[in-house]
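Since the structure comes first, as structure tokens, the remarks are kept for the end.
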Amino acid sequence: MPDSQPRRPDDNAPDSADAATTDPAPALVLTGARLTDGRAVDVRLSGSRIEAVGTAGSLASRGPRIDLRGYLLLPAPAEPHAHSDTALTADSTGPDGPGPASHRAEDIQRRATEAALLQLGHGATSLRAHVRIGDVQGLAALEAVLQTRRALRGLADLTAVAVPRLLTGVAGADNLAMLRDAVKMGAAVVGGCPDLDPDPTGYTAAVLEVAAEHGCPVDLHTDGDDPTRLARLAAMAGGLRPGVTLGPCAGLAHLPLETATRAADQLAAAGITVVCLPQGGCAGSERRTTVPVRLLRSAGVRVAAGSGALRDTANPVGRGDPLEAAYLLASQHGLRAEHAYAMVSTTARAALGLPDVRVEAGFPAELLAVRGERLSAVLSLAYSRIVIHRGRVVARTSAVREYCDSDTDTGPDLPRQGRPDSGAGPKS
């Protein structure tokens, strides 16, 4: 099948990411790629691992080869904060829209699959999707996203977070039972938004209890604008294994510096990961600003970056592009390019509980090749991309810029964007 198309769901296949591919991919050699340290290398992939890395031209293979001269080779990004069930619904609203987006399971699955493929095309080979459960929709949206996960098997790894609205009191009793059902269905992470519950502390306690019962990670939405509530949450969640993530925490940027610094220290002591959203907010987030990234990093908080809303009502122009998130972190928050990119790749993978990726032998073959010689240039003009998941090329994006020649006969020919040498590049 074409690399850009998802497989059909296979309800009889196992759901785990480890079972994503049954047949190992043939050995693939990436030739002439540039690394961030300036080296030009060949990289041989075998199965889902990097088998060898050598100087350019040193690795032979009888299998397929891809010429990556003119490309920078990086660990693939991961998307730690997506909203697959509401993605691509913005066009349904407004005066010219056809009306509210359909909540039929098949329509949610179609949109979620399209959204995941868009993010995969940008380079994200692993995604964590926050999915609303409860209310009148029950578990329908979650089931649709889980079907999307099965449809994407072999292309990308998608993890669902069950997000109930209320969990305390009489109104939350049904949702609490549904949260446990969601985990049994296949939601791998327990989430929610304590800020929306009349009893945020009780809500957090309920989430942590369900997570402890099933050994699941926790990923909670909060604006983080109430330092007392944030301190209580950090105290309750500290030390929970396999871990707690908060986001987008943009309200921290509006607190006095001393208060925000104290909150950052508390989050660091509790071992909590914060996922910020440089490209905009998401449903349930009141703030359009970004968490004070440098303050949190200085305190020792692990900070990753996600995309948040992807063209839904919370952000009708959301792109879901990890490289744009890294660009904004570098341009607006003053981070060095390598630190900004790590927040959407290495740190984002750690936030999802995924193994580290380096362009070294033995590491997972989760890679992104972007046209460019240096990371700063890649974040500035990230046009052409080649995405590798489990040792296979799963997405390609090619861009060519041309300029019209001058009308005068004596004027010089204007350039066409091309490769830095005459070698043939990868076909798109």
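Return the FRET efficiency for the residue pair A40, R401: r is the Cβ-Cβ distance, R0 is 41 Å, and the value is rounded to the nearest 0.05. Numbers along the way, then the final one.
Details: r = 24 Å, r/R0 = 0.59.
Result of the calculation: an efficiency of 0.95.
Work out the FRET efficiency for R110 and A177 from their Cβ-Cβ distance, taking R0 = 25 Å, and round it to the nearest 0.05. Spell out each step's value before the answer.
On the way: r = 29 Å, r/R0 = 1.16.
After rounding to 0.05, the efficiency reads 0.30.
Dipole size in debye (nearest 20) for the chain around its Cα centre, Lys and Arg Cβ +1, Asp and Glu Cβ -1?
On the way: 44 positive and 48 negative charges, 220 e Å.
Dipole of the chain, to the nearest 20 debye: 1060 debye.
Per residue, how many Å² of accessible area does segment 277-405 show with a 1.4 Å probe? Numbers along the way, then the final one.
Working: 5360 Å² over 129 residues.
I get 42 Å² per residue for this part.
Based on the Cβ-Cβ distance of S331 and T228, what FRET efficiency does E = 1/(1 + (r/R0)^6) give at R0 = 41 Å, to the nearest 0.05?
Details: r = 34 Å, r/R0 = 0.82.
FRET efficiency, S331 to T228: 0.75.
Give a residue-ordered list of calculated ³J(HN,Hα) values for segment 201-216 (Karplus: 6.51 cos²θ - 1.76 cosθ + 1.60, θ = phi - 60°; whole Hz; x for Gly, Pro).
5, x, 4, 4, 4, 5, 4, 5, 5, 5, 4, 5, 4, 10, x, 9
For segment 232-246 and segment 132-175, what is the centre-to-centre distance using only Cα atoms, to the nearest Å?
The distance from the Cα centre of segment 232-246 to that of segment 132-175 comes to 22 Å.
Can you work out the Karplus-derived ³J(HN,Hα) for every residue in segment 316-324? Use 6.51 cos²θ - 1.76 cosθ + 1.60 with θ = phi - 60°, whole Hz, and x for glycine or proline.
Taking θ as phi minus 60°, the curve returns x, 10, x, 9, x, 10, x, 5, 5 Hz for segment 316-324.
To the nearest 10 square angstrom, how much accessible area does L118 have with a 1.4 angstrom probe?
Approximately 70 Å² of L118 is accessible to the 1.4 Å probe.
To the nearest 10 square angstrom, what accessible area does H103 show with a 1.4 Å probe?
110
How much of the accessible area of segment 215-266, probe 1.4 Å, is carbon plus sulfur, in whole percent?
On the way: 1090 of 2080 Å².
Carbon and sulfur together cover 52 percent of it.
Each residue of segment 241-256 in order: what ³J(HN,Hα) in whole Hz does its phi give by Karplus 6.51 cos²θ - 1.76 cosθ + 1.60, θ = phi - 60°, with x for Gly and Pro?
10, x, x, 10, 10, 10, x, x, 6, 5, x, 4, 5, 9, 8, x
Around L74, which amide H atoms from residues at least 5 apart in sequence, or from another chain, sit under 5 Å from its own amide H, with H modelled in the peptide plane?
L368, A369, V370
Tell me the accessible surface of C249 in square angstrom (1.4 angstrom probe, heavy atoms of protein chains only), to the nearest ten.
0
Running a GNM on the chain with Cα contacts under 10 Å, which residue among A351, A206, A162 ends up with the highest mean-square fluctuation?
A206
How do 306-313, 372-379 rank on mean C-beta neighbours within 10 Å, highest first? Before the final figure, lay out the partial values.
Details: 306-313: 25.6, 372-379: 17.9.
Ranked from most to least packed, the peptides come out as 306-313, 372-379.
The values are calculated or read from the model by the stated rules, or taken from the named source; none is laboratory data. The model shown is predicted, which means the values in this text are computed figures rather than measured ones. Backbone-built Cβ (ideal geometry, glycine too); neighbour counts: all protein chains shown. Heavy atoms of the whole protein, side chains included, go into the accessibility calculation; ligands, DNA and RNA do not. Shrake-Rupley method; radii C 1.70, N 1.55, O 1.52, S 1.80 Å.
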